[in-house]
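See below for the structure under consideration.
Readers should treat all values here as calculations from the given coordinates under stated rules, not as data from a laboratory. On a predicted model such as this, the values are computed, not experimentally measured, just so you know. Because the Cβ atoms are built from the backbone with ideal geometry, glycine has one as well, and the counts that use them run over all protein chains shown.
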Amino acid sequence: MNHLIQEIKHIIHQAKTQAVRAVDVQRVLMYWHIGERIFVAEQGEQHRADYGTYLIKNLAKQLEPEFGSGFSERQLELCRQFYRLFPIPNAVRSELNWTQYKLLMRLSDEDERTFYIAETIKNHWSSRQLERQIHSQLYQRLLLSNDKASVLAVAQNEIVPHEPKQIIKDPMILEFLDLKPQQHYYEKDLENAILNHIQEFLLELGNGFAFMQRQKRLHIDGDDFFVDLLFYNRILQCFVVVELKMHKLTHQDIGQLQMYVNYFDRMEKLPHENPTIGILLCADKNETVVKLTLPEHQQQIFASQYQFCFPSAEQLRDELQKELQRFQAA
């Protein structure tokens, strides 16, 4: 009897979910068609500069009392904008809901919108997750270590990531940990906070990451060492060792992580798997020290700064400019 009850509950929940999804799809299409009609009507009155404002205001006055706030002036303006940004019906994706489209319409860059649409569909992001990724400026952070064409191609599944730099971010945004930037923390505090929010941390790490273990013990000729966090990436097919540092990165930290990476490559990695990746998640770093400590053109050790709040657009623009200057000087 209990098994039958669970089966019926599952059927009910599944039907409700599908019904809500069907409503979302029809609502998006409805707003697109409304936007189309408004746009076409405006084009017929191009000689009247104020016709667009008049039209929307008059439509809202007629529709809102009967159909509710979903047809306010602001909403009708969004419908018009929706059609102008997505004028081809086939470009409107049924996987996205109206809330997600409203978030996407705030983005002025077409490539950025394309990226977030592809990532939302591929990763089944909720509206809240999409909003968080936009606020954390995921697209711009990936551009710091990749070219635009590569970032878009990976998002749209046109190419499979084959280099760690294609998915590893710098900086990493950890605002979900609710830790204050000005306060002092120990590495154990950061580790505990990450484990308490492991789902959000996996979202920040990106595609293909799976958590394996904390404080992984490595016994080497009588000495014990402990890896802070161990992950596996199913896309790159490799172990990912994450070390947490609450201070400015030193060359000793890099050497320690290099030893851990070597251990997994020589002792744990299977023949079909790819070389281990090591990520030093640190409060601060000297990029030159990192480069001088590691061999040239190495693709296994990465240093990423963490931030406890969303970066500003100006910060990331400055970082992109610095990265461009470093590239041109190389």
Fill in: Cα-based Lys pair tally, region 197-330, threshold under 17 Å, eight or more apart or on separate chains
7
Discussion item. On a 30 Å Cα-Cα criterion, which of the cross-link pairs Lys122/Lys165; Lys148/Lys188; Lys102/Lys122 come out too long?
Written reply: Lys148/Lys188
Worksheet item: If you find the alpha carbon centre of region 177-245 and of region 48-115, how far apart are they in angstrom?
Response: 42 Å
Discussion item. Compute the angle between helix 51-67 and the longest alpha-carbon principal axis of the chain, please, reported from 0 to 90 degrees and rounded to the nearest 10.
Written reply: 90 degrees
Worksheet item: Quick one: of the DSSP bridges fully inside the chain, what percent are antiparallel, nearest 5?
Response: 50 percent
Discussion item. How far apart, in nanometres, would the label points at Leu179 and Ile198 be if each is projected 7 angstrom from Cα along the Cα-to-Cβ direction?
Written reply: 1.8 nm
Item to complete: Determine the sum of side-chain charges near Trp98: Lys and Arg each +1, Asp and Glu each -1, restricted to other residues whose C-beta is under 11 angstrom from that of Trp98.
Response: +1
Worksheet item: Quick one: if you stick a label point 7 Å off each Cα along the C-beta vector at Ala149 and Met105, how many nm between them?
Response: 3.3 nm
Response to the item:
Summing -39500 (n - 2.57) over every DSSP H run of at least 4 residues in the chain and dividing by its residue count gives a helix-only mean residue ellipticity at 222 nm, to the nearest 500 deg cm²/dmol, of -16500 deg cm²/dmol
Discussion item. Between Ala210 and Phe310, what is the label-point separation in nm under the 7 Å Cα-to-beta-carbon projection?
Written reply: 3.3 nm
Worksheet, complete the sentence: For P(r) over Cα pairs in 10 Å bins from 0, in percent the list reads (1) 6, 25, 30, 24, 13, 3, 0; (2) 6, 25, 32, 22, 9, 4, 2, 0; (3) 5, 20, 26, 21, 15, 9, 3, 1, 0; the calculated value is entry (3)
Worksheet entry | Stokes-Einstein diffusion coefficient of region 32-128, Kirkwood radius over Cα pairs, 10 °C, 1.306 mPa s, in µm²/s | 109 µm²/s
Worksheet, complete the sentence: Residues other than Leu78 with Cβ under 13 Å of its Cβ, Lys/Arg counted +1 and Asp/Glu -1, net out at +4
Discussion item. Taking R0 as 35 Å, what FRET efficiency do you get between Thr53 and Asn123 from their Cβ-Cβ distance, rounded to the nearest 0.05?
Written reply: 0.35
Discussion item. Could you compute the net charge surrounding Ala118? Neighbours are other residues with a C-beta less than 15 Å from the C-beta of Ala118; K and R count +1, D and E count -1.
Written reply: -3
Worksheet item: Between the helical axis of 110-123 and the dominant principal axis of the chain, each derived from Cα atoms, what acute angle in degrees is found, rounded to the nearest 10?
Response: 70 degrees
